[in-house]
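Read-outs: derived from the displayed coordinates by stated rules, not from any lab. What you see is a predicted model; the values in this text were computed from it and never measured. When we count neighbours, we look across all protein chains shown, and the Cβ atoms used for this are built from the backbone with ideal geometry, even at glycine.
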Ligand code: KIV
Ligand code: ZN
């Protein structure tokens, strides 16, 4: 093993998906997995196979579609979970089972209601059973951040002897400070030596996830678990892009340590994840925020023009975020379109390319200037399209100041055209009501977000909705130059996801 290599373990599709509102459909997960492969990630945690049949299938499909990247599934330290994980990742060339149990006094007493010797026994059984499916087993001590160090050493000894080759030390509740994690990680690195790789997994509850992860690396951790855009439960996980760019930028501190991340793929990956989940990084987010490379003040702009390094320690180009502005237009051909998409990280062939090109031409008729962001949104929405059980043929909305807003819709369902109209409290409400009426499925709107994809009054609108149908909450996306049409498309796509899952 190369002692200087930092293994990047991306958990956007598992811990990231646990972010409120970030659930993704299988097609979307596959897109992200393929992009993570282009980004140069070593291992993707593709989900939690035992969580539901949908999660199991998504992991299995990801495992079949990726090329060489290692695919992991999470599993509690119980046979049923481990078996599901082993079966779901089976189609992948490179596989790992990631199993875990909590080791902190508070979790053992209140959550597991188990004594420490029972926890240890369960962990050993889990690793042995996981090894019957794969050669590569990672064991996590949940809430390691608040666990007793001597107990973690005892647990490490036991799970390594049982066949685990990676020991993960999650700061599950984001409690520790960087200095503390340095000391704790170093104690385990020294204790374990060459017998296993020590891994860092830090949550961001106190805003320290990245700083903590970097201290773990300095202490000898050689795997880091992270997510794109820092997505994750509560305040999120450590952000992949920040960890990688710190290691690359501060060679004076990190010396020969390196990752295999292709930094030019960072920005395309961040945009893909934001566009699929509908969760935009804050504008001032390090590395991938909208303002991360914007210099507003006159003094800064003057300095930048004289010598970029006066105010810039990394360049937008290095993460693949160079501004290209106006890219293509009405007269651009299929070839130029394909090349531009390739530069943006999309390798489309045949059918997918034909569809995306047709959408692009239709967009050119509606919008004079087409920007990179428009192309990204267009292609993402084409790739991640769910089965079109209902599709919109016509929509007309009459907005009115006197409270009589109405929407009329024609939809295609099972080769039949259906028409309906409804009043509503505003245009969006009228649209949701008319779709409920025509489909016979009443949805409860949980979240509604509208965003202009690029610039100008005629910018494409991207709408993301979260809608509850029965017991299930579905995400839907809609894209159109017309905001109300994008709203209807988003709501219909949530409905289609729900129906195709059923
Ligand atoms: O934060 C955590 O403890 C986890 C483990 C399940 C690895 O995500
Ligand atoms: Zn976690």
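Packing, as the average of other Cβ atoms within 10 Å across residues, places the peptides 476-488, 105-117 in the order 476-488, 105-117, highest first. Per-residue packing, averaged as other Cβ atoms within 10 Å, sorts the ranges 276-284, 93-101, 347-355, 453-461 into the order 93-101, 276-284, 453-461, 347-355, beginning with the highest.
Based on alpha carbons, the Rg and Dmax found for segment 165-268 are 13.1, 40 Å. From the Cα gyration tensor of segment 114-228, with a ≥ b ≥ c the square roots of its eigenvalues, which class applies: rounded if a/c is under 1.5, or else prolate if a/b is larger than b/c, or else oblate? Taking the square roots of the gyration eigenvalues as a ≥ b ≥ c, segment 114-228 is prolate. Could you grab the relative contact order for the chain? Cα pairs under 8 Å, six or more apart, rounded to a whole percent. Dividing the mean separation by the residue count of the chain yields 10 percent.
Which of rounded, prolate, oblate describes segment 390-501, given a ≥ b ≥ c as roots of the alpha-carbon gyration tensor eigenvalues and a/c under 1.5 marking rounded, otherwise prolate only if a/b is larger than b/c? It is rounded, given that a/c, with a ≥ b ≥ c, falls under 1.5.
Across segment 390-501, the relative contact order, built from alpha-carbon pairs under 8 Å that are at least six residues apart, equals 18 percent.
In what sequence, highest mean first, do 267-273, 120-126, 357-363 appear when ranked by Cβ atoms within 10 angstrom? Spell out each step's value before the answer.
Values: 267-273: 24.9, 120-126: 19.1, 357-363: 16.1.
Output ranking for 267-273, 120-126, 357-363: 267-273, 120-126, 357-363.
The Cα center of segment 463-489 and the Cα center of segment 167-220 differ in position by 40 Å. Using the rule -39500 (n - 2.57) for each DSSP H run of four or more residues, divided by the residues of the chain, the 222 nm mean residue ellipticity is -12500 deg cm²/dmol. How far apart, in nm, are two points set 7 Å out from the Cα along the Cα-to-Cβ line at residue 416 and at residue 109? About 6.3 nm separates the two model spin labels. If you take the Cα centroid of segment 377-442 and the Cα centroid of segment 260-284, the two points sit 30 Å apart. Each DSSP beta bridge with both residues in the chain is either parallel or antiparallel, and the antiparallel ones are about 50%.
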